[in-house]
Amino acid sequence: MDLLAQITFDDLAISFVICVALREVMIMSLPDRIAGPGGWLIDTGANEA
């Protein structure tokens with residue numbers, strides 16, 4: 001329980017920002033079949049036909 005008492009709002013906020021930043025980097029750098037429309041790792045929306 002002592003470990004949970006040490007977690008602050010700043011720790012949670014920084015973790016959230018890092019997760020969002022990593023997601024955006026993966027979307028920009030990985031091919032669409034992995035992270036894009038219809039991607040298996042990150043699906044960013046519907047496929048355009």
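Here, each number is a calculation from the coordinates, and none is a lab measurement. Here the structure is a predicted model, which is why all the values come from computation and not from measurement. Counting neighbours? That spans all protein chains shown, and the Cβs are built from the backbone with ideal geometry, glycine included.
Projected onto the charge dipole of the chain (+1 at Lys/Arg Cβ, -1 at Asp/Glu Cβ, origin at the Cα centre), which of Gly38, Leu12, Leu22 gives the Cα projection farthest towards the positive end?
Going by the charge dipole, the pick is Gly38.
Using the Cα centre as the reference, give the magnitude of the dipole from point charges on the C-beta atoms of the stretch 1-43 (Lys, Arg: +1; Asp, Glu: -1; all else neutral), rounded to the nearest 20 debye. Working shown, then result.
Values: 2 positive and 6 negative charges, 43 e Å.
Magnitude of the dipole: close to 200 debye.
Suppose we look only past 13 Å in the calculated P(r) of the chain. What percent of the Cα-Cα pairs does that tail hold?
Numbers: 751 of 1176 pairs.
That tail contains 64 percent of the Cα-Cα pairs.
Pulled fully out, how much extra length does the chain show between Leu30 and Thr8, if you take 0.36 nm times their separation in residues and subtract their Cα-Cα distance?
Numbers: separation 22, 0.36 × 22 = 7.92 nm, distance 3.30 nm.
Answer, rounded to one decimal: 4.6 nm.
By count of other Cβ within 10 Å, fewest leading, how are Phe9, Phe16 ordered? All intermediate terms of the calculation are to be shown ahead of the outcome.
Working: Phe9 7, Phe16 10.
Least crowded to most crowded, the residues run Phe9, Phe16.
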